Amino acid sequence: MNFKEYEEASKETDLDNGITYYHMGLAEECGEVMGIRKRMLRGEGSINYDKLRDEFGDVLWYLTRLAAKYNMSLDEIATRNIEKLQDRLARGVIKGSGSNR
């Protein structure tokens, strides 16, 4: 499945809630990803990759639907991100801090 197909398929399960719902959902799902890692660091066993994959999927769903609310595509977001990172790498500032490096 490519980004465009995923964007189309994700519409089918979108209940079209207000934009704050998508912001909060994305933050919550990112927190669940971090919780999996935290439990591993706390010594509660190894990472459950099936659970992690499911949580990554939930992050992707909320990101996709939130981007749609702002009229952005995942292709556009991914392309711009790689261009930004390649530019930072070329300028030798990929290890720096701050957004405008």
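Once Rg and the Kirkwood radius are both taken over the C-alpha atoms of the range 1-66, their ratio Rg/Rh works out to 1.06. For the chain, complete DSSP H runs whose alpha carbons reach 15 Å or more along their own long axis and whose mean Kyte-Doolittle score is -1.0 or higher are 19-41, 49-69, 74-90. If you sort L60, L15, L89, L74 by accessible surface, 1.4 Å probe, largest first, the order is L15, L89, L60, L74. Among the GluC sites (Glu not before Pro) found in the range 33-101, those both in a DSSP coil and sparsely packed, with 16 or fewer other Cβ atoms within 10 Å of their Cβ, are E44. Shown for the chain: the carbon plus sulfur share of the solvent-accessible area, taken with all protein chains present and a 1.4 angstrom probe, equals 55%. Over all other residues within a Cβ to Cβ distance under 13 Å of R91, the charged ones net out to +2, with Lys and Arg as +1 and Asp and Glu as -1.
Restricting the range 1-73 to trypsin sites (Lys or Arg not before Pro) that sit in a DSSP loop and have at most 10 other Cβ atoms within 10 Å of their own Cβ leaves R42. Seen from M1, the other residues with C-beta closer than 12 Å to its C-beta sum to a net charge of -2, counting Lys and Arg as +1 and Asp and Glu as -1. Note on the chain: GNM, Cα springs under 10 Å; of D87, D54, D75, the largest mean-square fluctuation is that of D87. The alpha carbon centroids of the range 1-42 and the range 85-99 are separated by 27 Å. In vacuo Debye scattering of the range 57-101, one point per C-alpha: log10 I(q)/I(0) at q = 0.20, 0.34 Å⁻¹? The computed values of log10 I(q)/I(0) come out as -0.73, -1.09.
The values are calculated or read from the model by the stated rules, or taken from the named source; none is laboratory data. This is a predicted model, so every value here is computed, not measured. We place every Cβ from the backbone using ideal geometry, glycine too, and count neighbours over all the protein chains shown. Each accessible area value is taken on the protein alone, full model and side chains, heavy atoms only, with ligands, DNA and RNA left out. Shrake-Rupley method; radii C 1.70, N 1.55, O 1.52, S 1.80 Å.
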